[in-house]
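Since the structure comes first, as structure tokens, the remarks are kept for the end.
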Amino acid sequence: MTAPWWRDAAVYQVYPRSFADADGDGEGDLAGIRSRLQHIRDLGADAVWFAPWYPSAGADGGYDVADYRAIEPRLGTLAEAEQLIAEARAQGLRTIVDVVPNHLATTHAWFAEALAAGPGSRARERFLFRPGRGPDGAEPPNDWQSAFGGPAWSRVHEPDGAPGEWYLHLFAPAQADLNWEHPDVRAEFEDVLRFWLRRGVSGIRVDSATMIAKDPALPPVPARPGPGEHPYVDRDAVHDVYRSWRRVVEEFGDDRILVGEVWLGDGGRLAAYLRPDELHTAFNFDLMSQPWDAEAVRASISATLAHHGLVGAPATWVLSNHDVTRPVTRFGRAETAFHPARRRAGVPTDVTLGTRRARAAALLVAALPGSLYIYQGDELGLPEVEELSPEERRDPIFAQTRGTDPGRDGCRVPLPWEGDAPPYGFSRAGTRTWLPQPAGWAALTVAAQRRDPGSMLLLYRRALDLRRSLTAGRGEELTWVDVAPGVLAFDRPGAFRCAVNFSDAAVALDGWDVLLASEPLTESLLAPGTAVWAVPAW
């Protein structure tokens, strides 16, 4: 019996504003994506995940959604989105769209209705409005902090102009948190799911999936909350929502899926989201959070597979996304693990080392059993763009932390397609892109890498092609192999062996028939920072 497509799919993430610009305004759009679909198909992806393409004021890169049943006019129209979904499917690419259940934009009709209706209204009950503390209500209802920095509450003016209640926003002030105890909220989002599933999407990616349920008592955040004890992260009430969503998705057949963004350090708690009646898969960020160390990486992989195995769910593997420092930059630093709270500007980076390790890491994650997510530009080996002035930055994290955290703009810079200078075929010649591209990206363009047999792009293409042909029908088993200290190695039984050298010394691969290597091998030696797929002398 053939396994469901999503258990081992290679999914390519498109950040629409930065993929391709067809109309020449410096921002990506749906017409640009349609014109470049072949790149994704040629890469070997099975599906495309689109970051939010809905109407938005852009307060958080599109994650401040003002209307789920329309498309941001700068990107295109609903008819174009429907055409893109159909054209992708015709090229063998399924589509996954983003839904952000934690909050709505303050430009959404519901929020305007809530402001006009005043305290105690049904419209306000859809959100989390509360009176302030102190004799005049001038202090926030509690001390919760935004994930982007600063207080998680903003005060509104009532219809009569007087200072009034406060509303919760765990992210930017332009993103008002929803009250998931309210029946209107539940019904609205179930209808949104149906809206897009009727239009042919194969999956829904659930943003900030752990954060939708809040303790109505608004207690302080404990210093070390135990499982289920945090007042707004991973509360048990979230699971009833996702069980209802699973029922909605199954109305459209057994090939539609829910993919959760689940940032949790507890693998057992993460697995609870993947029970057979909840989400199909969830992003596994634990591996991305490990240092460049064989033991740490092996422990993370083993724990991930064990926890997922308890509920019969496939693991997912990611190196980055639109919120994460690019692998080429991250792996070239002294601290190679990614932690959002530790993101800082001016960190020394060895891009040559980082590129070498990023190539090896690409082979590692592509060899693991489960699904694989590739963020646009990682297949080109793009580094994080750190030379952005304060005026050029768009991420609210930069503003809300007063520049302490440089934010996520550096991984969202528009892709280079061809040519020797910006905009590198992303837009029309001479166009200034919404985030500036570096002057030194000519060798990193898609066109240049197609001509270079040793490029990152062709490495990704070969890896995805071999991954499909070698592992098809082979199951999800993984067997660890001891090769040498500092070398992580495992077999996909009946398929191939993957080995990654995390040590500082070369290791002999005598008798191995190498199928693919992240770097050319010399005298059958696996150099530091190199990975291979091979058929050894079993």
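The values are calculated or read from the model by the stated rules, or taken from the named source; none is laboratory data. None of the values given here were measured: they were computed from a predicted structure. No Cβ is skipped: glycine too gets one built from the backbone with ideal geometry, and neighbour counts run over all protein chains shown. Heads up: the accessible areas ignore ligands, DNA and RNA and are worked out on the full protein's heavy atoms, side chains in. Shrake-Rupley method; radii C 1.70, N 1.55, O 1.52, S 1.80 Å.
Is one or more of the residues making up the stretch 393-404 in contact with an Asp or Glu (Cβ under 6 Å, 6 or more places away or on another chain) and modelled with pLDDT of 95 or more?
Yes, the stretch 393-404 contains at least one residue that is in contact with an Asp or Glu (Cβ under 6 Å, 6 or more places away or on another chain) and modelled with pLDDT of 95 or more.
Among residues belonging to the stretch 237-266 that are outside any loop (DSSP other than H, G, I, E, B) and open to solvent by 20 Å² or more (accessible area, probe 1.4 Å), point out the one that is farthest from Pro4 (Cα to Cα).
That would be Asp240.
Looking at the stretch 381-394, is at least one residue in a helix (DSSP H, G or I), aliphatic (A, V, I, L, M) and at negative phi?
Within the stretch 381-394, not a single residue is in a helix (DSSP H, G or I), aliphatic (A, V, I, L, M) and at negative phi.
Mind counting the residues in the stretch 505-534 that are open to solvent by 50 Å² or more (accessible area, probe 1.4 Å) and not in a loop (DSSP other than H, G, I, E, B)?
Total meeting the criteria: 6.
In the stretch 274-286, what residues are open to solvent by less than 30 Å² (accessible area, probe 1.4 Å) and assigned to a loop (DSSP other than H, G, I, E, B)?
Once the filter is applied, which keeps residues that are open to solvent by less than 30 Å² (accessible area, probe 1.4 Å) and assigned to a loop (DSSP other than H, G, I, E, B), the stretch 274-286 yields Leu274, Glu278, Leu279, His280, Phe283, Asn284, Phe285.
Can you confirm whether the stretch 69-80 contains a residue that is within 30 Å of Asp42 (Cβ to Cβ), part of a helix (DSSP H, G or I) and in contact with an Asp or Glu (Cβ under 9 Å, 6 or more places away or on another chain)?
Scanning the stretch 69-80, I find at least one residue that is within 30 Å of Asp42 (Cβ to Cβ), part of a helix (DSSP H, G or I) and in contact with an Asp or Glu (Cβ under 9 Å, 6 or more places away or on another chain), so the answer is yes.
Is one or more of the residues making up the stretch 70-81 crowded, with 23+ Cβ neighbours inside 10 Å and within 28 Å of Gln449 (Cα to Cα)?
Yes.
Listed residues Ala271, Ala306, Ala294; which is more than 30 Å from His182 (Cβ to Cβ), more than 18 Å from the chain's Cα centre (by Cα) and open to solvent by less than 50 Å² (accessible area, probe 1.4 Å)?
Being more than 30 Å from His182 (Cβ to Cβ), more than 18 Å from the chain's Cα centre (by Cα) and open to solvent by less than 50 Å² (accessible area, probe 1.4 Å) holds for just one of Ala271, Ala306, Ala294, which is Ala294.
Which of the following residues is under 26 Å from the mean Cα position of the chain (by Cα) and surrounded by 13 or more Cβ atoms within 10 Å (Cβ to Cβ): Leu470, Leu457?
Leu457
If you take the residues of the stretch 340-371 that are of a type in the set (Gly, Ala, Ser) and outside any helix (DSSP H, G or I), which of them is farthest from Asp8 (Cα to Cα)?
Applying the filter and picking the extreme gives Gly346.
Of all residues in the stretch 53-92, how many are in contact (Cβ under 8 Å) with a residue 60 or more places away in the chain and under 17 Å from Gly200 (Cα atoms)?
Count: 7.
Restricting attention to helices (runs of 4 or more DSSP H) lying wholly within the stretch 102-220, give those where 1 or more residues are closer than 30 Å to Ala47 by Cβ and open to solvent by less than 10 Å² (accessible area, probe 1.4 Å).
In the stretch 102-220, the matching helices (runs of 4 or more DSSP H) lie at 183-198.
Looking at Thr431, is it more than 24 Å from Tyr63 (Cα to Cα), over 24 Å from the mean Cα position of the chain (by Cα) and touching a residue at least 24 places away in the same chain (Cβ under 8 Å)?
Answer is yes for this residue.
Among the residues of the stretch 407-427, is any without any contact (Cβ under 8 Å) to a residue 24 or more places away in the chain, touching a Pro at 6+ places or on another chain (Cβ under 6 Å) and surrounded by 13 or more Cβ atoms within 10 Å (Cβ to Cβ)?
The answer is yes; a qualifying residue exists.
Checking Val328 against (1) closer than 28 Å to Thr404 by Cβ; (2) aliphatic (A, V, I, L, M); (3) in a loop (DSSP other than H, G, I, E, B), which single condition isn't satisfied?
The failed condition is (3).
Would you tally the residues in the stretch 471-497 being free of Cβ contacts under 8 Å to residues at least 60 places away in the same chain and part of a strand (DSSP E or B)?
5
For the stretch 28-59, how many residues meet the condition of being under 15 Å from Gly425 (Cβ atoms) and part of a loop (DSSP other than H, G, I, E, B)?
Final tally of qualifying residues: 3.
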